[in-house]
Amino acid sequence: MPRFAANLSMLWPERPFLDRFEAAARAGFKAVEFLFPYELPPEVIAERLRRHGLQLVLHNLPPGDWAAGERGLACIPGREAEFRDGVALAARYARVLGTPRWHCMAGIRPPGVPEDEARATWIANLRHAAAEARKLGIVVLVEPINTYDMPGYFVSRPRQAVALIDAVGADHVLLQYDIYHAQRMEGELANTLAALLPRIGHLQLADTPGRHEPGTGEINYRFLFEHIDRLGYSGWIGCEYRPLDETAGGTDRGLDWLRQHGCSL
């Protein structure tokens, strides 16, 4: 049976971030992930994890200026020093939080920057992040993100991501396969998961359209969960979806998708 981690950047949106740890534990989750921890001291987050008996499975490297629309720096020439500062910041958090995985967002290729220059910048930055991550025993993840939600995002398809990972040449740089993004870009989920499973270090889910919980859209999640089990995937699946009902209590009511799909926490 798959193991599910609550994405606290998406679930329980009506609660303050720090209160979502308790909500996840009360719902039965044993693990959590989130996008960016950097607005809070790492000790504060670590205390919430300990208090509620939760395991942290993933967070992202700093993305640049998120409010201004930046979605990572890895592919952007001229921002290498800022990227390295972000890795150093993430390392300080990892030492406190025990972070096992970093997602390194590729970023949006700036107008006028040739693709080969962006690719070379991405590879060099990932090699630096991988070297720093190895010192801490951290796996670095590369996630293809669909270009409908994030126009211009540099890494948008799983096999493109794997080719870039191969160019980095580090065995602890793996694929973060988000079922929602993969469905939007190309579908063919079952065969792609089977082909790329040895390269996958983390899975995430949401249904489409809407990016809501399983059972609200077109993906046959009951089949997919059984397929993932047959493949022998033993890692976590991050629940990175927007609850269809975002009112108070809506996330908890929406978790009935687990029972409907033959799963539990």
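Going 7 Å from the Cα of SER234 along its beta-carbon direction, which residues of region 165-187 have the amide nitrogen within less than 11 Å of the resulting point?
Zone members listed by number: none at all.
Using a simple charge model, +1 on the beta-carbon of Lys and Arg, -1 on the beta-carbon of Asp and Glu, nothing else, what dipole does the chain show about its Cα centre, in debye to the nearest 20?
It works out to roughly 700 debye.
At GLU226 and GLU246, where each label point lies 7 Å from the Cα along Cα→Cβ, what is the point-to-point distance in nanometres?
Placing both labels 7 Å beyond Cα along the Cβ direction yields 3.5 nm.
If you restrict to DSSP beta bridges whose two residues both lie in the chain, what percentage is antiparallel, to the nearest 5?
That works out to approximately 10 percent antiparallel.
By what distance, in whole Å, do the Cα atoms of the chain stretch along each of the three principal axes, largest value first?
Rounded to whole Å, the extents work out to 47, 42, 33 Å.
So for the pair GLU43, ALA190, with labels modelled 7 Å out along Cα→Cβ, what separation do we get in nm?
5.2
Using the eigenvalues of the Cα gyration tensor, what equivalent ellipsoid semi-axes result for region 1-81 when each is taken as the square root of five times the eigenvalue, whole Å, largest first?
27, 14, 12
Can you give the charge dipole size of region 1-127 about its Cα centre, rounded to the nearest 20 debye, using +1 on the beta carbon of Lys and Arg and -1 on the beta carbon of Asp and Glu?
600
Cβ under 15 Å from TYR93's Cβ, TYR93 left aside: what net charge do those residues give with Lys, Arg +1 and Asp, Glu -1?
-1
Taking 0.36 nm per residue of separation and subtracting the Cα-Cα distance, what length does fully extending ARG259 through HIS172 add?
27.9 nm
Since every read-out is calculated from the coordinates, none of them should be taken as a lab result. Every value quoted in this text rests on a predicted model; they were computed, and no experiment measured them. Cβ coordinates were reconstructed from backbone atoms using ideal geometry, including for glycine residues, and neighbour counts include every protein chain displayed.
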